[in-house]
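Visitor: Take a look at this one; I'll ask things after.
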Amino acid sequence: MPGETRNELTQLIRLAAPLVVAQLAQMGMGVVDTIMAGRVGALELSGVALGGAVLWPTLMLVSGIVMSTTPIIAQLNGANKLSEVAGVTRQGLWIALALGTLLTLGLQNAGSVYLALGIEADIVDVTMDYLRAASWGIVPVLGYFALRYLCEGLSWTKPAMVIAAAGLLLKIPLNYWFVFGGLGVPAMGAEGCGWSTALVMLMELLAMVCVVLFSRIQQVGLFRQFSGPSLSKIGQLVRLGLPIGLSIFVEFGFFAVVTLLIGRLGSETVAAHQIINNISGLIFMVPLGLGMATSIRVGFNVGAGDRLAARRTGWIAMATSAGFALVSIVLLLAVGPWLIELYTEQAPVIAIATSLLSIVACFLVFDGVQVNAMGALRGFKDTAVPFGIAFSCYWLLGFPIAWVLGFGYFENIDLGVHGYWLGLAAGLVFASAALGYRFHRVSRLEAPSP
């Protein structure tokens, strides 16, 4: 391996490792919800799954807009312009407050969406109990994200790791307490998952405020002065961040809408789908964390004027993610059935979930490549075209395949939940190819000849 490649890979892994742990811990909270709700019953698990199908994509949409601060701060850091960092972050916090408030109100009144999709009323009741409770954590967690992106833009990713890990450790006893009851608290089932989620989100914000106040990040002077909302600066952030948020949203939304459609197949199928979604999501956290680090590292190199290094970083990240996925496929097929049994003891749910493992294994490579290509493009501040690519691949190509194969739209072609997952896989295959080609074009045009 050439020295420059080895050095860049080392830098990338150093940044990525804490982010991977942070994302695994964040995903672990969803796993805790799934396992504990599953122990209560398929109805509670369906409520958590369907609630999450609306909560997480919309939260990722807004957090993606706030994420516009990361490549900007990374480029300012690379250009040694730290005096401008605090102002960018303050405007990101205003965006988090405004959009977080709107999202909270929307989530608390989402019941009609589920009923319109034909989901059974008893499942909708459990879903809304979970969603109304969890929605109180939206504004705090978006504030946490804004401060987290400040640290990450300055190439300091360890705070996110420590706080997310602590959040997971707090989530486990809180979840058990609220879900199953005890010490004067009634058993709340799925609703208990929502309240524990909201409390953990608040604690994460408080912890990140302490990091900004009492660590090396204090040098940027974020809290030394007050800055009101600037429409021009917020407009710049939204123009950059909205495609980021929409790109995340169309992917998460693709999975979420499929989850909602699977809701018509009954609570056992939804439960099996949620289990497989959790397992594949845990694996995905590694390339996702690597993709975040890629965005930071590419942005730093672009800001420093070394565009050739930025191009090299992107390709290294995609290759590393593909290699990790190949190892994951082997492990998933080997231990997947055992993992499924950790979630539930219900034989029909186990049987459906086990039958989906091979489909998940097929798209792991493509999922890892697309998220790192997307991260590399964000480092170049290239966000609009990647959003168009993501939308086209997931909704114009993948979703129709999922609809035709899963919904029984045509006679004799009704694969049920398997058809939906084949559509998900197809969308990821298309996205990885198109985004990889886009990065090749953008980095080739920007980078000088060797």
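Visitor: Which of the following residues is more than 21 Å from the chain's Cα centre (by Cα) and of a type in the set (S, T, N, Q): Ser247, Ser227? It would help to see each step written out before you state the result.
Guide: Numbers: Ser247 fails: more than 21 Å from the chain's Cα centre (by Cα).
Residue meeting the stated conditions: Ser227.
Visitor: Yes or no: Ser247 under 26 Å from Val66 (Cβ atoms), polar (S, T, N, Q), crowded, with 21+ Cβ neighbours inside 10 Å and in contact with a helix residue (DSSP H, G or I) (Cβ under 9 Å, 6 or more places away or on another chain)? Walk me through how you get there before you give the answer.
Guide: On the way: under 26 Å from Val66 (Cβ atoms): yes; polar (S, T, N, Q): yes; crowded, with 21+ Cβ neighbours inside 10 Å: yes; in contact with a helix residue (DSSP H, G or I) (Cβ under 9 Å, 6 or more places away or on another chain): yes.
Yes; evaluated as a whole, the condition is true for this residue.
Visitor: To continue, here is another question. If Met36 satisfies all but one of (1) touching a Ser or Thr at 6+ places or on another chain (Cβ under 8 Å); (2) under 26 Å from Ser280 (Cβ atoms); (3) surrounded by 23 or more Cβ atoms within 10 Å (Cβ to Cβ), what's the number of the condition it fails?
Guide: (1)
Visitor: Quick test for you: out of Val327, Val298, pick the one residue that is assigned to a helix (DSSP H, G or I), buried (at least 24 other Cβ atoms within 10 Å of the Cβ) and at pLDDT 85 or above. Explain how you work it out, then say what you get.
Guide: On the way: Val327 fails: buried (at least 24 other Cβ atoms within 10 Å of the Cβ).
Result of the check over Val327, Val298: Val298.
Visitor: Ok, one more. Go through region 301-324 and report how many residues are closer than 29 Å to Thr34 by Cβ and at pLDDT below 90.
Guide: So the answer is 0.
Visitor: Just checking, how many residues over region 220-238 are surrounded by 12 or more Cβ atoms within 10 Å (Cβ to Cβ) and assigned to a helix (DSSP H, G or I)? First the steps, then the outcome.
Guide: We begin by selecting, within region 220-238, every residue surrounded by 12 or more Cβ atoms within 10 Å (Cβ to Cβ); these are 220-223, 227, 229-230, 233-234, 236-238.
Filter once more, so that each one left must be assigned to a helix (DSSP H, G or I): 220, 233-234, 236-238.
The qualifying residues number 6.
Visitor: Would you mind telling me which numbered condition in (1) small (Gly, Ala, Ser); (2) buried (at least 24 other Cβ atoms within 10 Å of the Cβ); (3) within 18 Å of the chain's Cα centre (by Cα); (4) within 30 Å of Thr5 (Cβ to Cβ) Gly241 fails?
Guide: The one condition Gly241 does not meet is (4).
Visitor: Contact list please: Cβ distance under 6 Å, first residue in region 323-339 and over 17 Å from Phe284 (Cβ atoms), second residue modelled with pLDDT under 90 and among the hydroxyl-bearing types (Ser, Thr, Tyr), pairs at least six apart or on different chains.
Guide: Pro337/Thr354
Visitor: A follow-up question, please. Among the residues of region 358-374, write down those that are crowded, with 20+ Cβ neighbours inside 10 Å, over 20 Å from Val238 (Cβ atoms) and not β-branched (Val, Ile, Thr).
Guide: Let us first name the residues in region 358-374 that are crowded, with 20+ Cβ neighbours inside 10 Å, namely 360-361, 363-374.
This time we only want the ones that are over 20 Å from Val238 (Cβ atoms), so: 360-361, 363-373.
Of everything in region 358-374, those that are crowded, with 20+ Cβ neighbours inside 10 Å, over 20 Å from Val238 (Cβ atoms) and not β-branched (Val, Ile, Thr) turn out to be Ala361, Phe363, Leu364, Phe366, Asp367, Gly368, Gln370, Asn372, Ala373.
Visitor: Can you run down the residue pairs with Cβ atoms below 6 Å, 6 or more apart or on separate chains, where the first is in region 4-29 and free of Cβ contacts under 8 Å to residues at least 60 places away in the same chain and the partner is hydrophobic (A, V, I, L, M, F, W, C) and not in a helix (DSSP H, G or I)?
Guide: Going by the 6 Å Cβ cut-off, there are no qualifying pairs.
The values are calculated or read from the model by the stated rules, or taken from the named source; none is laboratory data. No experiment lies behind these values; they were computed from the predicted model shown. Cβ coordinates were reconstructed from backbone atoms using ideal geometry, including for glycine residues, and neighbour counts include every protein chain displayed.
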